[in-house]
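Since the structure comes first, as structure tokens, the remarks are kept for the end.
The values are calculated or read from the model by the stated rules, or taken from the named source; none is laboratory data. Keep in mind it's a predicted model, so treat the numbers as computed, not measured. Here the Cβ positions follow ideal geometry from the backbone for every residue, glycine too, while neighbour counts run over all protein chains shown. Surface accessibility is based on the protein's heavy atoms, side chains included, excluding ligands, DNA and RNA. Shrake-Rupley method; radii C 1.70, N 1.55, O 1.52, S 1.80 Å.
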Amino acid sequence: PAQESSLYLVPGVTALIMTLIGALLTGLLPAREYESGTFAALFATPAGKGEILFSMMAPSFALGMAGLGLCLFCAFFLFDVPLRGSFFILLLGSSFYLTACLGIGLFIGSLCRNRFLASQVVLTSCFIPTIMLSGFLFDLHSAPEFVRALARVLPATWYVELLQALFLVGTPPALVGRDLAALFFFALFFPLAAFLRTQKSLDRS
């Protein structure tokens, strides 16, 4: 209502930062291990691939939540963006989205096994779509039906919608419940895909 751009852009910037931390940094981890050959030492240990992947996800998750805290601090105290919704739902939805991004990063890193290629794939498949198709810069209601359908496949679309609702509207049960359900699905799907993709062997299958 105040027609201030910061009220609309700050939630989107938060999603961009979470995407970079979650997908890009995590995607480089398995690729670096494959490039340097240190995965051979991990494969020789009794640790299962689930434990190996969790050890990669945990530090990035902590870093991502710290980045969220910094974004919220800047939103509240530098840009005067109010939070009209539930702070707990904000943390819950952010944790779901960050987990999904971590799963995407691990899946891409295990698929590419090269840091340069993994970074390019992450930027192309995650970061650029987050900017163009999530509703961060362009209103999806004015986009063609095909673009709106494609945007719904991206976790960032649901996360940006959740952030904008919590910051600008409040906690509408129908909207927040739908976004949380979608983010929870992505938070399960992508880490599971990374787990199934990772092979505890040195072949390139």
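Results, tabulated for the structure shown:
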{"read-out": "Distance between region 131-171 and region 68-130 - C-alpha centres, whole angstrom", "value": "14 Å"}
{"read-out": "Calculated from backbone phi, Karplus (6.51, -1.76, 1.60) coupling profile of region 162-171 in Hz, x at Gly/Pro", "value": "5, 5, 5, 5, 5, 6, 9, 10, x, 10"}
{"read-out": "Most to least packed among 157-167, 176-186, 66-76 [average Cβ atoms within 10 Å]", "value": "157-167, 176-186, 66-76"}
{"read-out": "The chain: relative contact order as a whole-number percent, Cα under 8 Å and 6+ apart", "value": "35 percent"}
{"read-out": "Share of carbon and sulfur in the accessible heavy-atom surface of region 143-205 [1.4 Å probe, %]", "value": "75 percent"}
{"read-out": "Computed [θ] at 222 nm, deg cm²/dmol, the chain (DSSP H ≥ 4; -39,500 (n - 2.57); rounded to nearest 500)", "value": "-22500 deg cm²/dmol"}
